[in-house]
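Reading through the structure tokens given below for one structure.
The values are calculated or read from the model by the stated rules, or taken from the named source; none is laboratory data. Quick caveat, the model's predicted, so the values are computed rather than measured. Every residue, glycine as well, gets a Cβ built from its backbone with ideal geometry; the counts of neighbours run over all protein chains shown. Calculation scope for accessible area: heavy atoms of the full protein, side chains included, ligands and nucleic acids excluded. Shrake-Rupley method; radii C 1.70, N 1.55, O 1.52, S 1.80 Å.
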Amino acid sequence: MNDFITFVKAMIIGIVSELFAFFAPIGNNFMALVWLFALNFIFGMLADILAGRDFSMRKAFSCISHATLFFALCASLYGIGHYQQMNNDVLHQCVSSFCWILVYCYSTNIVRNVRSLLRSTTPAFKTVDLLYSALTLAFVKALPFVDEILKQRKEVKNADK
């Protein structure tokens, strides 16, 4: 029985080591995503607690499942490109672009949560509010013709229903 347990341990260690070696070229992207998802989880939880809401296991599980999904997509993107024998530079650029899209989307959410933690009279709030406006492209809505375009799209969408 001890031989079998030792064999299973060695197999698990071997498989995990091989996976680490295979994904080593995109290890920095994975580390960035770990930080990104951890910050999203922490600031989301703080925003909920300070807003008077209880800790939601459903939201925590949703955050963890989304992180798992995006890690799997990133790993799949790399694996598929690797086995299609893509140029390494192109492959790394593809994975990096995917990660930058995630950074943008989750940074917007993180900044929104940080903004809700601050008092509106503080300079920190004004700084974070400006950053949030820039990330959400809120200044674009202030342009006169953008409002018209959005109204037209809404009318077309309602007409299609």
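Taking trypsin sites (Lys or Arg not before Pro) across the range 1-58, the ones in a DSSP loop with at most 11 further Cβ atoms lying within 10 angstrom of their Cβ are Arg53.
The structure shown yields Rg and Dmax of the Cα atoms in Å, and of the options (1) 18.8, 69; (2) 22.0, 76; (3) 15.1, 49 that calculated value carries the label (2). Applying the criteria of a DSSP loop state and at most 11 other Cβ atoms within 10 Å to the trypsin sites (Lys or Arg not before Pro) of the range 96-155 yields Arg119. Here the accessible area of the range 1-159 is 68 percent carbon and sulfur, with a 1.4 angstrom probe and all protein chains present.
Kirkwood hydrodynamic radius, the range 68-161, all distinct C-alpha pairs: what's the number in Å? Write out the running numbers ahead of the final one.
On the way: mean 1/r = 0.0594 Å⁻¹.
Across the range 68-161, the inverse of the average 1/r is 16.8 Å.
Mind checking the per residue accessible area of the chain for me, 1.4 Å probe, whole number of Å²? Before the final figure, lay out the partial values.
Working: 11950 Å² over 161 residues.
Accessible surface, normalised per residue, equals 74 Å².
Between the Cα long axis of helix 88-117 and the first principal axis of the chain there is an angle of about 50°, rounded to the nearest 10.
The range 86-145 and the range 27-75 have Cα centres lying 16 Å from one another. Taking θ as phi - 60° and the Karplus parameters 6.51, -1.76 and 1.60, the scalar couplings of the range 39-54 work out to 5, 4, 5, 5, 6, x, 5, 4, 4, 5, 5, 6, 7, x, 8, 6 Hz in sequence order, x denoting glycine and proline. Relative to the dominant Cα principal axis of the chain, helix 2-22 is inclined by about 50°. Rounded, prolate or oblate: pick one for the range 1-57, where a ≥ b ≥ c are the square roots of the eigenvalues of its C-alpha gyration tensor, a/c under 1.5 means rounded, and failing that, prolate if a/b is larger than b/c, else oblate. Verdict is oblate for the range 1-57.
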